[in-house]
Structures are given as C-alpha cells and as structure tokens.
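Have a look at the structure below before the remarks.
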C-alpha cells in the first residue's frame, strides 16, 4: 500500500495523496457542494466553479464563516482557492490571504496523484502545527470519501 499523506515543512504546508480513482472523481470532491460536504464540512454553500465563492462553517466557529474564492477550477487537473474571509479566531486569522492549491495528475491504472499545498501556511505561523495536523486529518477523509463514497466530514 502506498503512503496516504506525506508533508514537508520547509515552506508552505504540502502533502501528496494517491487515489485509486481517476482525477475527475478527486476534482469533484473539491469543486462540488456534495463533494466538499462528503469529506470536509457539511456546512458548505456557494459555487466551486471558477470565479465562485465557497462559504464554509465549522462546529468550533459559530458566527462568521470561512470564504474561499475559486481562482482556478480546471477539470480535471487543478483547483486554487484563495482565502477571502475567516472567523475572528487566532488560528483562522492566519489563513487570511493564503491560497490552497490542488494539482491532480494521472497515476497509472486509472489512479490519481494529488499534490496539495496550502501556500502561506508556513512554520512561522502560530497555527502551523495545529493547522497542518488538521490538513493531514482532512486529507485522509477526502481519500476515504473519493475511494469509497462514504460521506463523513472531517469537521
């Protein structure tokens, strides 16, 4: 079995996840409301299409939501979200202005290799350790959702 998540800490948070499913299935998990609700949070609204905004709510953030602007949604190879708004909580405030970049590459026998980067989420930030563990957790959930169809949001 291949390693599910690996990360580097020299710079922005990065991880690689391998899927047994094609890139289109992974793309849908990041660009549709049902997809995002299946692995990240079921409190999601908006549009995951290019130029759209996604609004996310989380159990620990009652009140203002996280708003992600979809800078890129290029099927089936890349997604870029820019963090536009965050709740007034220390860990979330450090996300403001960062970008989440997803690159999808075919990986033999119909699988996918996903290169995930949260640009600007670096070790110099107070939330880095907590946020990087959160991404490790969330990316394991996206893999399970994409490969099994089991809908269980990480948060």
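Just so it is clear, none of the values below were taken in a lab; they were calculated from the coordinates. This one's a predicted model, so the numbers in the text were calculated from it and none came from an experiment. For neighbour counting, all protein chains shown are included, and Cβ atoms are generated from backbone atoms with ideal geometry for every residue, glycine included.
Test residue 123 against the criterion of being surrounded by fewer than 17 Cβ atoms within 10 Å (Cβ to Cβ) and touching a helix residue (DSSP H, G or I) at 6+ places or on another chain (Cβ under 7 Å), and give yes or no. The answer is no for residue 123.
Of 108, 51, all but one fail to be part of a loop (DSSP other than H, G, I, E, B), free of Cβ contacts under 8 Å to residues at least 24 places away in the same chain and touching a strand residue (DSSP E or B) at 6+ places or on another chain (Cβ under 7 Å); the exception is 51. For the stretch 65-88, the set of residues classified as over 19 Å from residue 134 (Cα atoms), in contact with a strand residue (DSSP E or B) (Cβ under 7 Å, 6 or more places away or on another chain) and not in a strand (DSSP E or B) consists of 76, 77, listed by residue number. Within the stretch 35-47, restricting attention to residues that are touching a strand residue (DSSP E or B) at 6+ places or on another chain (Cβ under 6 Å) and more than 11 Å from residue 69 (Cβ to Cβ), the residue that is surrounded by the most Cβ atoms within 10 Å (Cβ to Cβ) is 36.
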